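Below you'll find the structure, written out as C-alpha coordinates, and then a few comments.
The values are calculated or read from the model by the stated rules, or taken from the named source; none is laboratory data. Values in this document were obtained by computation on a predicted structure and should not be read as measured data. Because the Cβ atoms are built from the backbone with ideal geometry, glycine has one as well, and the counts that use them run over all protein chains shown. Just the protein is used for accessible areas: all its heavy atoms, side chains included, with ligands, DNA and RNA removed. Shrake-Rupley method; radii C 1.70, N 1.55, O 1.52, S 1.80 Å.
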Amino acid sequence: MKKVYGTAAEALDGVLFDGMLIASGGFGLCGIPELLIDALVESGVKDLTVASNNAGVDGFGLGKLLETKQVKKMMSSYVGENAEFMRQYLSGELELEFNPQGTLAERMRAAGCGIPGFYTKTGVGTQIAEGKEVKTFNGEDYILEEGIFADLAIVKAWKADDTGNLVFRKTARNFNPPAAMCGKVCVVEVEEIVERGSLDPDHIHLPGIYVHRIIQGDHEKRIEQRTVRKREEA
(Lines give C-alpha, C1' and ligand atoms only; values in the text may rest on other atoms or scores of the structure.)
Protein backbone atom coordinates (compact mmCIF):
# COMPACT_ATOMS: atom_id res chain seq x y z
CA MET A 1 0.00 0.00 0.00
CA LYS A 2 1.35 3.42 -0.94
CA LYS A 3 2.03 5.59 2.10
CA VAL A 4 4.32 8.33 0.76
CA TYR A 5 2.62 11.41 -0.71
CA GLY A 6 4.06 14.48 -2.37
CA THR A 7 2.40 17.26 -0.39
CA ALA A 8 0.38 17.80 2.78
CA ALA A 9 -2.71 18.59 0.72
CA GLU A 10 -2.36 15.32 -1.19
CA ALA A 11 -1.90 13.37 2.02
CA LEU A 12 -5.12 14.82 3.47
CA ASP A 13 -7.15 14.42 0.29
CA GLY A 14 -10.31 12.41 0.88
CA VAL A 15 -9.79 12.31 4.64
CA LEU A 16 -11.27 15.60 5.84
CA PHE A 17 -14.87 16.40 6.70
CA ASP A 18 -16.60 19.08 8.75
CA GLY A 19 -17.13 18.30 12.42
CA MET A 20 -14.30 15.76 12.65
CA LEU A 21 -12.13 15.06 15.72
CA ILE A 22 -8.41 15.56 15.12
CA ALA A 23 -5.58 14.48 17.44
CA SER A 24 -2.53 16.67 16.93
CA GLY A 25 0.94 15.87 18.23
CA GLY A 26 3.53 18.24 19.62
CA PHE A 27 4.16 20.26 22.74
CA GLY A 28 4.17 24.03 22.48
CA LEU A 29 5.91 24.52 19.15
CA CYS A 30 8.13 21.45 19.54
CA GLY A 31 7.31 18.61 17.19
CA ILE A 32 4.11 20.11 15.81
CA PRO A 33 2.81 19.02 12.38
CA GLU A 34 3.03 22.54 10.97
CA LEU A 35 2.75 21.57 7.29
CA LEU A 36 -0.37 19.49 7.86
CA ILE A 37 -1.89 22.28 9.94
CA ASP A 38 -1.30 24.72 7.07
CA ALA A 39 -3.02 22.27 4.73
CA LEU A 40 -6.00 22.08 7.09
CA VAL A 41 -6.27 25.86 7.02
CA GLU A 42 -6.19 25.88 3.22
CA SER A 43 -8.78 23.11 2.99
CA GLY A 44 -11.44 25.19 4.75
CA VAL A 45 -12.67 22.24 6.82
CA LYS A 46 -14.63 23.58 9.81
CA ASP A 47 -16.34 22.81 13.12
CA LEU A 48 -13.29 20.85 14.21
CA THR A 49 -12.65 19.36 17.62
CA VAL A 50 -8.90 19.24 18.21
CA ALA A 51 -7.21 17.19 20.93
CA SER A 52 -3.77 18.65 21.53
CA ASN A 53 -1.65 19.64 24.51
CA ASN A 54 -2.15 23.28 23.52
CA ALA A 55 -3.04 25.38 20.50
CA GLY A 56 0.32 26.70 19.45
CA VAL A 57 0.81 30.46 19.43
CA ASP A 58 -0.87 33.34 17.65
CA GLY A 59 -0.20 33.03 13.93
CA PHE A 60 1.58 29.68 13.99
CA GLY A 61 0.69 26.03 14.43
CA LEU A 62 -2.85 25.36 15.61
CA GLY A 63 -3.14 29.09 16.28
CA LYS A 64 -3.75 29.48 12.53
CA LEU A 65 -6.86 27.30 12.73
CA LEU A 66 -8.15 29.40 15.61
CA GLU A 67 -7.65 32.59 13.63
CA THR A 68 -9.76 31.25 10.77
CA LYS A 69 -12.45 30.04 13.21
CA GLN A 70 -12.21 26.47 11.94
CA VAL A 71 -12.05 25.01 15.46
CA LYS A 72 -15.19 24.78 17.58
CA LYS A 73 -13.67 22.85 20.52
CA MET A 74 -10.23 22.25 22.00
CA MET A 75 -9.32 19.33 24.26
CA SER A 76 -6.15 20.66 25.87
CA SER A 77 -3.95 20.93 28.94
CA TYR A 78 -2.41 24.37 28.47
CA VAL A 79 -3.65 27.58 26.90
CA GLY A 80 -1.11 30.11 28.14
CA GLU A 81 0.76 31.19 24.99
CA ASN A 82 -2.13 31.99 22.68
CA ALA A 83 -4.02 35.26 23.12
CA GLU A 84 -6.62 34.39 20.47
CA PHE A 85 -7.28 31.06 22.20
CA MET A 86 -7.89 32.92 25.46
CA ARG A 87 -10.08 35.56 23.79
CA GLN A 88 -12.30 33.01 22.04
CA TYR A 89 -12.68 30.93 25.19
CA LEU A 90 -13.52 33.85 27.46
CA SER A 91 -15.99 35.24 24.93
CA GLY A 92 -17.77 31.91 24.60
CA GLU A 93 -16.77 31.41 20.94
CA LEU A 94 -14.68 28.31 21.67
CA GLU A 95 -15.51 25.22 23.71
CA LEU A 96 -12.70 23.99 25.93
CA GLU A 97 -12.30 20.64 27.65
CA PHE A 98 -9.40 20.88 30.07
CA ASN A 99 -7.35 17.72 30.61
CA PRO A 100 -4.36 17.17 32.87
CA GLN A 101 -1.39 16.49 30.58
CA GLY A 102 -0.86 12.90 31.67
CA THR A 103 -4.56 12.16 31.39
CA LEU A 104 -4.73 13.62 27.88
CA ALA A 105 -1.73 11.57 26.73
CA GLU A 106 -3.16 8.41 28.28
CA ARG A 107 -6.59 8.99 26.74
CA MET A 108 -4.89 9.00 23.33
CA ARG A 109 -2.65 6.02 24.09
CA ALA A 110 -5.54 4.02 25.54
CA ALA A 111 -7.64 4.51 22.42
CA GLY A 112 -4.70 3.41 20.29
CA CYS A 113 -4.60 0.18 22.30
CA GLY A 114 -8.35 -0.35 21.93
CA ILE A 115 -9.08 0.61 25.56
CA PRO A 116 -12.31 2.64 25.79
CA GLY A 117 -11.68 4.01 29.28
CA PHE A 118 -9.54 3.85 32.41
CA TYR A 119 -9.62 5.02 36.01
CA THR A 120 -7.19 7.60 37.39
CA LYS A 121 -6.71 9.51 40.64
CA THR A 122 -5.71 12.65 38.74
CA GLY A 123 -8.48 15.23 39.10
CA VAL A 124 -10.37 13.56 41.93
CA GLY A 125 -12.09 16.21 44.05
CA THR A 126 -11.62 18.95 41.43
CA GLN A 127 -13.65 20.37 38.55
CA ILE A 128 -12.02 17.76 36.32
CA ALA A 129 -14.11 15.11 38.09
CA GLU A 130 -17.47 16.82 37.62
CA GLY A 131 -19.96 14.56 35.83
CA LYS A 132 -17.57 11.60 35.70
CA GLU A 133 -18.03 8.18 37.20
CA VAL A 134 -16.15 7.63 40.47
CA LYS A 135 -15.01 4.18 41.58
CA THR A 136 -13.23 3.18 44.77
CA PHE A 137 -10.18 0.91 44.66
CA ASN A 138 -8.45 -0.10 47.92
CA GLY A 139 -10.23 2.68 49.77
CA GLU A 140 -9.27 5.46 47.34
CA ASP A 141 -11.41 7.20 44.72
CA TYR A 142 -10.63 7.18 41.01
CA ILE A 143 -12.45 8.85 38.12
CA LEU A 144 -13.28 7.29 34.78
CA GLU A 145 -11.65 8.88 31.74
CA GLU A 146 -12.60 7.85 28.21
CA GLY A 147 -10.15 7.09 25.41
CA ILE A 148 -9.91 9.60 22.57
CA PHE A 149 -10.74 7.86 19.30
CA ALA A 150 -9.89 10.50 16.70
CA ASP A 151 -11.05 10.58 13.09
CA LEU A 152 -7.61 11.85 12.08
CA ALA A 153 -4.20 12.03 13.71
CA ILE A 154 -1.61 14.52 12.47
CA VAL A 155 1.91 14.16 13.83
CA LYS A 156 5.51 15.20 13.23
CA ALA A 157 8.45 12.76 13.26
CA TRP A 158 12.15 13.03 12.54
CA LYS A 159 12.59 10.01 10.27
CA ALA A 160 10.38 7.42 8.60
CA ASP A 161 10.78 4.64 6.11
CA ASP A 162 8.22 4.09 3.38
CA THR A 163 6.30 1.59 5.52
CA GLY A 164 5.66 4.23 8.19
CA ASN A 165 8.06 3.18 10.92
CA LEU A 166 8.80 6.38 12.85
CA VAL A 167 11.67 7.83 14.84
CA PHE A 168 11.08 10.98 16.90
CA ARG A 169 13.88 13.29 17.94
CA LYS A 170 14.33 14.25 21.59
CA THR A 171 11.48 16.39 23.00
CA ALA A 172 9.37 15.88 19.87
CA ARG A 173 8.72 12.42 21.29
CA ASN A 174 6.02 13.92 23.48
CA PHE A 175 2.37 13.75 22.43
CA ASN A 176 3.22 12.55 18.93
CA PRO A 177 3.27 8.76 19.53
CA PRO A 178 -0.02 8.59 21.49
CA ALA A 179 -1.70 11.01 19.07
CA ALA A 180 -0.60 8.86 16.13
CA MET A 181 -1.97 5.75 17.81
CA CYS A 182 -5.48 7.06 18.41
CA GLY A 183 -6.36 8.19 14.87
CA LYS A 184 -8.52 6.11 12.55
CA VAL A 185 -6.29 7.66 9.88
CA CYS A 186 -2.77 8.81 10.80
CA VAL A 187 -0.91 11.28 8.57
CA VAL A 188 2.71 12.03 9.41
CA GLU A 189 5.12 14.72 8.25
CA VAL A 190 8.81 13.95 8.61
CA GLU A 191 12.13 15.63 8.04
CA GLU A 192 13.57 12.64 6.20
CA ILE A 193 12.27 9.49 4.55
CA VAL A 194 14.97 6.83 4.63
CA GLU A 195 15.45 3.55 2.80
CA ARG A 196 13.40 0.60 3.99
CA GLY A 197 15.46 -1.54 6.37
CA SER A 198 17.89 1.25 7.28
CA LEU A 199 16.25 2.02 10.64
CA ASP A 200 17.54 0.03 13.59
CA PRO A 201 14.49 -1.88 14.87
CA ASP A 202 15.51 -1.05 18.45
CA HIS A 203 15.38 2.66 17.62
CA ILE A 204 11.89 2.74 16.11
CA HIS A 205 9.52 4.60 18.43
CA LEU A 206 6.28 3.84 16.59
CA PRO A 207 5.69 0.96 14.17
CA GLY A 208 4.28 1.60 10.74
CA ILE A 209 1.08 -0.32 11.50
CA TYR A 210 -0.30 2.93 12.96
CA VAL A 211 0.70 5.13 10.00
CA HIS A 212 -1.35 5.51 6.82
CA ARG A 213 0.21 8.44 4.96
CA ILE A 214 3.58 10.21 5.05
CA ILE A 215 5.02 13.42 3.63
CA GLN A 216 8.52 14.84 3.77
CA GLY A 217 9.01 18.57 4.07
CA ASP A 218 11.01 21.54 5.30
CA HIS A 219 10.10 22.90 8.72
CA GLU A 220 10.47 26.30 10.31
CA LYS A 221 11.14 25.04 13.86
CA ARG A 222 10.24 28.21 15.72
CA ILE A 223 11.30 28.77 19.31
CA GLU A 224 8.28 29.48 21.49
CA GLN A 225 10.05 31.40 24.25
CA ARG A 226 13.58 32.47 23.42
CA THR A 227 15.72 32.93 26.52
CA VAL A 228 19.38 33.83 26.66
CA ARG A 229 21.99 34.40 29.32
CA LYS A 230 25.01 36.64 29.30
CA ARG A 231 28.27 35.07 28.22
CA GLU A 232 30.47 34.35 31.21
CA GLU A 233 33.41 36.68 31.46
CA ALA A 234 36.79 35.10 30.98
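Points to keep in mind about this one:
- For the pair the range 34-57 and the range 81-146, the centres of their Cα atoms are 21 angstrom apart.
- In terms of Cα atoms, the Rg and Dmax of the chain work out to 18.4, 61 Å.
- Contact order normalised by residue count of the chain, Cα under 8 Å, 6+ apart, percent: 23
- Amide proton proximity set for residue 46, modelled H, under 5 Å, gap of 5+: 18, 19
- Magnitude of the charge dipole for the range 129-183, about its Cα centre and with charges confined to Cβ atoms of Lys, Arg (+1) and Asp, Glu (-1), is about 520 debye.
- Pairs with C-alpha atoms separated by more than 22 Å, drawn from the list 156/221; 2/156; 135/184; 73/132; 3/72, are 135/184; 3/72.
- Residues of the range 137-234: accessible area per residue with a 1.4 Å probe, Å²: 61
- Dividing the mean sequence gap of close Cα pairs (under 8 Å, 6+ apart) by how many residues the range 3-124 holds gives a relative contact order of 18 percent.
- For the range 1-72, the normalised intensity computed at q = 0.22, 0.24, 0.27 Å⁻¹ comes to -0.98, -1.14, -1.37 (log10 of I(q)/I(0), Debye sum over alpha carbons, equal scatterers, no solvent).
- Derived scalar couplings between HN and Hα for the range 169-178 equal 9, 6, 5, 5, 8, 10, 8, 5, x, x Hz in order, rounded to whole Hz, by the Karplus curve 6.51 cos²θ - 1.76 cosθ + 1.60 (θ = phi - 60°), x for Gly and Pro.
- Per residue, in Å², the accessible surface of the range 1-91 once ligands and nucleic acids are set aside, probe 1.4 Å: 40
- Taken over the Cα atoms of the range 120-234, the convex hull encloses 250 Å³ per residue.
- Of the Cα atoms belonging to the range 172-234, the radius of gyration and Dmax stand at 17.0, 57 Å.
- Within the chain, helices built from complete DSSP H runs that reach 15 Å or longer along their own axis (Cα positions) and carry a mean Kyte-Doolittle hydropathy of -1.0 or higher are 101-112.
- Karplus-derived HN-Hα couplings along the range 73-79 (A = 6.51, B = -1.76, C = 1.60, θ = phi - 60°), whole Hz, x at Gly and Pro: 8, 10, 10, 9, 9, 9, 10
- For the range 1-83, share of DSSP beta bridges that run antiparallel, in % to the nearest 5: 20
- Shape of the range 41-138, Cα gyration tensor, a/c cut at 1.5: prolate
- For the range 104-185, the ratio of Cα radius of gyration to the globular rule of thumb 2.2 N^0.38 Å stands at 1.33.
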